[in-house]
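Q: One structure coming up, written as structure tokens, with questions to follow.
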Amino acid sequence: MKKTIIAMAALTIMSAGATEVGDTVKVINNAKQVVITERRGDIRMRVNGLQDDDDYNYEYRVKQDRDGTVTATETENKHVSFGYPFKRCDPDQTESHFEAFLSDVYVGWGRTNVAPGDRDYIRNHSYEAGILNLLGVGYNFNRNRSRLSLGVGFNWAFYCMKSPYIWARNDEGQVVHDDLSTLGEYSKRHSNLVVRSLQFPLMFNQRIAQHINLALAGVMNWNYYANLENRYRIDKTSYKLTTNGLHQRKVSFDVMAIASFKSLGVYFRYSPQSVFKGDWGPELKNRWTLGLILHGF
């Protein structure tokens, strides 16, 4: 059905027993299914899905009570994607426009290039989680098939130690490692270097099919905080040690690529720069990450 016009005022007149003609209440284009039901003076018209939005629902209900009172209610439930747009784009809109949005929640696993002298202690895999656009501002053009945007979001990156080692900091403030086995029998060991970043993505989105989107982004990171988190148990005593004040690289740059179907997608991130400045920590650089992302364009 290419075009459905809902003139529900006519149904209101039927239920009220009136004879005059009413106005059109709602116009919906490209409806997939229209269902009209009537039961004891309760008339409902429902639209289930659009050609470009399977989750769309619309209902117009006209009900006449026993005392003759006629009540009309309208309910519209537009598609809510994981892109959480503050102002949803109209697919048929031809004019270019700006919009604000929230999107790109992700989690990923990756590998990091570790210097040969540190590979006995540090795992070469890492993982991350975050949101790329906690707030994004984009310019939509080409009938909403393309968007150039600038956003701000958060990222948490985790780098792990091999057993029996844990992250530590020496008297000079350098990040090094300690051997936990020298303290005795241990268990429940967890040791992470955590880098928290405020990230600023410059992203270009392109819709190449009805539900398929591609995106490329350059990301500037302000790595505002890093710490060491160690947990372990020796004999019957549990320890939780947090070390702050590390000399992480404050500003770094990444590149990202995203492919998504509707709101769910996969992403690739490449982080070429080292985590630490100079000799303040082990050489951790050229990190790449693959993961899942709730993209929503």
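Q: Sequence-distant or interchain residues sharing an amide H contact under 5 Å with residue 123, placed H: which?
A: For residue 123, whose amide H was placed from the backbone, the distant partners under 5 Å are 160, 161, 162.
Q: When 211, 247 are ordered from fewest to most other Cβ atoms inside 10 Å of their Cβ, what list results?
A: Listed from fewest to most nearby Cβ atoms, that is 211, 247.
Q: A follow-up question, please. Could you list, in their original order, any pairs among 162/250; 162/262; 32/63; 162/285 whose Cα atoms are separated by more than 29 Å? Spell out each step's value before the answer.
A: Working: 162/250 26 Å; 162/262 39 Å; 32/63 25 Å; 162/285 18 Å.
Correct reply: 162/262.
Q: Once you treat every alpha carbon in segment 149-227 as an equal point and sum by Debye, what is log10 I(q)/I(0) at q = 0.12, 0.21, 0.24 Å⁻¹?
A: Summing over Cα pairs of segment 149-227 leads to -0.58, -0.97, -1.10.
Q: Computed FRET efficiency, Cβ-Cβ of residue 46 and residue 96, R0 30 Å: what is it to the nearest 0.05?
A: Plugging the Cβ-Cβ distance into 1/(1 + (r/R0)^6) gives 0.30.
Q: Taking R0 as 25 Å, what FRET efficiency do you get between residue 141 and residue 74 from their Cβ-Cβ distance, rounded to the nearest 0.05? List each step's numbers first, then the result.
A: Values: r = 33 Å, r/R0 = 1.30.
About 0.15, to the nearest 0.05.
Q: On to the next question. So for 279, 118, fewest C-beta neighbours within 10 Å to most, what's the order? Write out the running numbers ahead of the final one.
A: Values: 279 10, 118 15.
Listing 279, 118 from fewest to most nearby Cβ atoms yields 279, 118.
Q: With a ≥ b ≥ c taken as the square roots of the eigenvalues of the C-alpha gyration tensor of segment 97-294, please select rounded if a/c is under 1.5 and otherwise prolate if a/b is larger than b/c or oblate if it is not?
A: prolate
Q: Right, here's the next one. Looking at segment 201-293, which chymotrypsin sites (Phe, Trp or Tyr not before Pro) are in a loop (DSSP not H, G, I, E or B) and have at most 14 other Cβ atoms within 10 Å? Write down the numbers at each step before the final one.
A: Working: sites: 204, 222, 224, 225, 232, 239, 253, 261, 267, 268, 270, 276, 280, 288; in loops: 280.
The qualifying sites: there are none.
Q: Also, quick follow-up: If each residue of separation counts as 0.36 nm, what is the full-extension length gain between residue 38 and residue 148 once their alpha-carbon separation is subtracted?
A: Working it through step by step, the gained length comes to 34.8 nm.
Coordinate-derived values only; no laboratory data. What you are looking at is a predicted structure, and each value in this text was computed from that prediction instead of being measured. Glycine gets a Cβ as well: all are built from the backbone with ideal geometry, and neighbour counts include every protein chain shown.
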